[in-house]
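Visitor: Okay, handing you the structure first.
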Amino acid sequence: MSESAGRRLVALRLPSGPALARAVQRCWDDGDAAAPLPADLPEPELARVLAELRPHVLVDERGTTALSEPEPVPADVVLVVATSGSTGAPKGVQLSTAALEASARAGLSRIQARPGERWLCCLPLHHIGGLQVRVRSRLLGAAPAVHARFDPAAVARESGVTLMALVPTMLG
């Protein structure tokens, strides 16, 4: 497919953690856009999301499945995040490298992060918060530590990490 025709969209239904992080990176390395989905997404909801996003393939723990009637995403889109927003109906928010990096640079500037500082990612990688940790890490030139989920004991044992993103529930 030519770049002017758009990019392939790859839906990733894998458990959050290192395997999903590698799968997202593999999509980007291959020139595809990634659409990470929760591994435990119920089948009826998965069918609705796939119908909305129209990816070329679905990658899950069973392997790769080609899907019918795929629709390329625009050539500048590298990430599609499924969200229901306030309407309840799933939509795919398409994000470009420029948008992801602009957001990451703004955040890094705000916290005065320095090159080489290392992030800990314990937010789900099918949410923008977890995915942005990956983008911020790349901009700082240090691979993040990626956890499958938030576990206070595992976070406490992590060494060499200077930055992490949390949500209020985690602090409770």
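The values are calculated or read from the model by the stated rules, or taken from the named source; none is laboratory data. The structure displayed is predicted, hence computed values, not measured ones. Positions of Cβ are generated from backbone atoms using ideal geometry, with glycine treated the same way; all protein chains shown enter the neighbour counts. Ligands, DNA and RNA are excluded from the accessible area calculation, which covers all protein heavy atoms including side chains. Shrake-Rupley method; radii C 1.70, N 1.55, O 1.52, S 1.80 Å.
Visitor: List every residue pair whose Cβ atoms sit under 8 Å apart, with the two residues 6 or more apart in sequence or on different chains, where the first one lies in region 88-114 and is closer than 21 Å to Glu52 by Cβ and the second, anywhere, is surrounded by fewer than 10 Cβ atoms within 10 Å (Cβ to Cβ) and modelled with pLDDT under 95.
Guide: Lys91/Gly85
Visitor: Related question: Mind checking which residues of region 5-24 are open to solvent by 10 Å² or more (accessible area, probe 1.4 Å), touching a residue at least 12 places away in the same chain (Cβ under 8 Å) and either touching a Leu at 6+ places or on another chain (Cβ under 6 Å) or assigned to a helix (DSSP H, G or I) (or both)?
Guide: Those that are open to solvent by 10 Å² or more (accessible area, probe 1.4 Å), touching a residue at least 12 places away in the same chain (Cβ under 8 Å) and either touching a Leu at 6+ places or on another chain (Cβ under 6 Å) or assigned to a helix (DSSP H, G or I) (or both): Ala5, Arg13, Leu14, Ser16, Pro18.
Visitor: Within region 129-141, which residues are open to solvent by less than 20 Å² (accessible area, probe 1.4 Å), over 19 Å from Pro38 (Cα atoms) and touching a strand residue (DSSP E or B) at 6+ places or on another chain (Cβ under 8 Å)?
Guide: Ser137, Leu140
Visitor: Can I ask one more? Can you name the condition, by its number, that Gly85 falls short on among (1) open to solvent by less than 60 Å² (accessible area, probe 1.4 Å); (2) under 18 Å from Ala39 (Cα atoms); (3) modelled with pLDDT under 95?
Guide: Gly85 satisfies every listed condition except (2).
Visitor: So which residues in region 145-172 are surrounded by 13 or more Cβ atoms within 10 Å (Cβ to Cβ) and in contact (Cβ under 8 Å) with a residue 60 or more places away in the chain?
Guide: Residues satisfying the conditions are Val146, His147, Ala148.
Visitor: Can you tell me which residues in region 25-46 are assigned to a loop (DSSP other than H, G, I, E, B) and either out of contact with any His (no Cβ under 6 Å at 6 or more places or on another chain) or at pLDDT 95 or above (or both)?
Guide: Across region 25-46, the qualifying residues are Asp30, Gly31, Asp32, Ala39, Asp40, Leu41, Pro42.
Visitor: Within region 110-126, track down each residue that is farther than 26 Å from Ala153 by Cβ and open to solvent by less than 70 Å² (accessible area, probe 1.4 Å).
Guide: Once the filter is applied, which keeps residues that are farther than 26 Å from Ala153 by Cβ and open to solvent by less than 70 Å² (accessible area, probe 1.4 Å), region 110-126 yields only Gly116.
Visitor: Could I ask something else about it? I'm trying to understand the selection: among the residues of region 61-82, which are within 21 Å of Pro124 (Cα to Cα) and surrounded by 16 or more Cβ atoms within 10 Å (Cβ to Cβ)?
Guide: Within region 61-82, Val77, Val78, Leu79, Val80, Val81, Ala82 meet the criteria.
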